[in-house]
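Report on one structure; see the data block that follows.
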Amino acid sequence: NAGVMQNPRHLVRRRGQEARLRCSPMKGHSHVYWYRQLPEEGLKFMVYLQKENIIDESGMPKERFSAEFPKEGPSILRIQQVVRGDSAAYFCASSPPAGNTGELFFGEGSRLTVL
Amino acid sequence: AQSVTQLDSHVSVSEGTPVLLRCNYSSSYSPSLFWYVQHPNKGLQLLLKYTSAATLVKGINGFEAEFKKSETSFHLTKPSAHMSDAAEYFCVVLNTGGFKTIFGAGTRLFVKA
């Protein structure tokens, strides 16, 4: 029973390029959450998605960041025109269809480095 | 609005001695509270959760936490630290809407031999 899968685990981009981070939730889970972790800081909520719907994106920066969770395939967090401040670990978590009982199942993260 | 405060950014203990990681929360309602652990370069793993049942919650790896409403606290304890406990620990509260988990800033636990 595979857990939450994130890829790539490490990604290096130059300023101005695009970064795409993918997350496959646990089997049977239809809720996906993205968090960002800056060095020496806790996790900051970015966005909560269900299949084909964005439920809450209150933590997403207004520009350059977008997320989707299509009917088929993984959830994708997209960062356009990356800047050095986007360097962070991005974690995806999933929960079952009953909604968030609080127990989130995390992937191992995607670490973005912007040169 | 809910919030969670972890009172120590770093805690250092010797192997075999007790562990105490402190967490205070703010919530207008009876909260759901969690502790997660993150080992270096890994994702987060649930240690234990409180969801208004017993106030003393037992988790994995010998950890437990006690919900104290009067003190708005949910401190994490372990009687005897092991080297493998060295990690970052996050106290988390679930918001009243039921879908947004709010993370504390984390406490890094160091275990000395």
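If we keep just the residues of the range B:36-61 that are assigned to a loop (DSSP other than H, G, I, E, B) and touching a strand residue (DSSP E or B) at 6+ places or on another chain (Cβ under 7 Å), which is nearest to the other protein chains (Cβ to nearest Cβ)?
It comes out as B:Gly43.
Please state which one of A:Gly28, A:Gly16, A:Gly59 is under 25 Å from B:Tyr36 (Cα atoms) and either in contact (Cβ under 8 Å) with a residue 60 or more places away in the chain or among the aromatic types (Phe, Trp, Tyr) (or both).
A:Gly28
Looking at the range B:62-80 only, could you name the residues that are in a strand (DSSP E or B) and polar (S, T, N, Q)?
Scanning the range B:62-80 gives B:Ser73, B:Thr77.
I need a count of the residues in the range A:58-115 that are within 17 Å of A:Arg15 (Cα to Cα), within 14 Å of chain B (Cβ to nearest Cβ) and in a loop (DSSP other than H, G, I, E, B).
Adding up the residues that qualify gives 0.
Has the range A:40-62 got any residue that is farther than 20 Å from B:Asn95 by Cα and in contact with a strand residue (DSSP E or B) (Cβ under 8 Å, 6 or more places away or on another chain)?
no
Condition first: more than 23 Å from B:Phe103 (Cβ to Cβ) and more than 11 Å from the chain's Cα centre (by Cα). Now tell me which residues in the range A:12-40 satisfy that.
A:Val12, A:Arg13, A:Arg14, A:Arg15, A:Gly16, A:Gln17, A:Glu18, A:Lys27, A:Gly28
Pairs under 6 Å by beta carbon, first residue surrounded by 19 or more Cβ atoms within 10 Å (Cβ to Cβ) in the range B:16-29, partner of a type in the set (Lys, Arg), six or more apart or different chains?
Pairs that qualify, where the first residue is surrounded by 19 or more Cβ atoms within 10 Å (Cβ to Cβ) and the partner is of a type in the set (Lys, Arg), are B:Val19/B:Lys78.
Consider A:Glu103 against the criteria (1) within 20 Å of B:Cys91 (Cα to Cα); (2) out of contact with any Lys or Arg (no Cβ under 9 Å at 6 or more places or on another chain); (3) among the acidic types (Asp, Glu): it satisfies all of them except one. Which criterion is unmet?
(2)
When the residues of the range B:93-102 are narrowed to those that are buried (at least 21 other Cβ atoms within 10 Å of the Cβ) and under 16 Å from A:Ser94 (Cα atoms), which ends up modelled with the lowest pLDDT?
Residue satisfying both the conditions and the ranking: B:Thr101.
Could you grab me the full set of residues in the range A:5-50 that are within 12 Å of another protein chain (Cβ to nearest Cβ) and touching a Pro at 6+ places or on another chain (Cβ under 6 Å)?
Hits for the range A:5-50 are A:Cys23, A:Val32.
Just one of (1) surrounded by 14 or more Cβ atoms within 10 Å (Cβ to Cβ); (2) in a strand (DSSP E or B) trips up A:Val12, so point out which.
The single condition A:Val12 does not satisfy is (1).
The values are calculated or read from the model by the stated rules, or taken from the named source; none is laboratory data. Since the model is a prediction, treat every value here as computed from it, not as a measurement. Ideal geometry is used to build each Cβ from the backbone, glycine not excepted, and the neighbour counts take in all protein chains shown.
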